[in-house]
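Below is one structure, written out as structure tokens; comments come after it.
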Ligand code: TRP
């Protein structure tokens, strides 16, 4: 976890494709729960990092999500 201590952990980029997209941070550790929810409107971009407090992120709504291992879209109807 050296990279994390030095604040070098991964970022992801989320671009909202509709109003009211939620980016939710989930806690690291034994207890996995929501700790922060950020609301994005269409066109807004959030660049978020995994930290000692954040182990996972959940995206609710239509958004483009870009990570170091690929790109995907949430909220898309199939
Ligand atoms: N205080 C939070 C943390 O350091 C801020 C944060 C970082 C966050 N990444 C996030 C909040 C992703 C929501 C989603 O972990």
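We did not get these values from a lab; they are worked out from the coordinates using the rules stated. As the structure is a prediction and not an experimental result, all values here were calculated from the model. Every residue, glycine as well, gets a Cβ built from its backbone with ideal geometry; the counts of neighbours run over all protein chains shown.
Taking the listed residues 53, 36, the one that is within 14 Å of the ligand (Cβ to nearest atom), surrounded by fewer than 14 Cβ atoms within 10 Å (Cβ to Cβ) and more than 12 Å from the chain's Cα centre (by Cα) is 53, with no other qualifying. Taking each residue of region 24-42 that is over 11 Å from residue 58 (Cα atoms) and in contact (Cβ under 8 Å) with a residue 24 or more places away in the chain and looking for partners that are near the ligand (Cβ under 8 Å from one of its atoms) and assigned to a loop (DSSP other than H, G, I, E, B) with beta-carbon atoms closer than 7 Å, six or more apart or interchain, yields 27/53; 28/52; 28/53.
Among the residues making up region 19-40, those that are more than 16 Å from residue 75 (Cβ to Cβ) and either part of a strand (DSSP E or B) or in contact with a helix residue (DSSP H, G or I) (Cβ under 6 Å, 6 or more places away or on another chain) (or both) are 25, 26, 27, 34, 35, 36. A single member of 4, 17, 46 is surrounded by 12 or more Cβ atoms within 10 Å (Cβ to Cβ) and within 13 Å of the chain's Cα centre (by Cα), and it is 46.
Could you tell me which residue of region 9-18 is farthest from residue 67 (Cα to Cα), considering only residues that are within 14 Å of the ligand (Cβ to nearest atom) and outside any strand (DSSP E or B)? Across region 9-18, the extreme among qualifying residues is 9. If the condition is being farther than 21 Å from residue 32 by Cα and either in contact with a helix residue (DSSP H, G or I) (Cβ under 9 Å, 6 or more places away or on another chain) or assigned to a loop (DSSP other than H, G, I, E, B) (or both), then region 44-60 contributes only 44.
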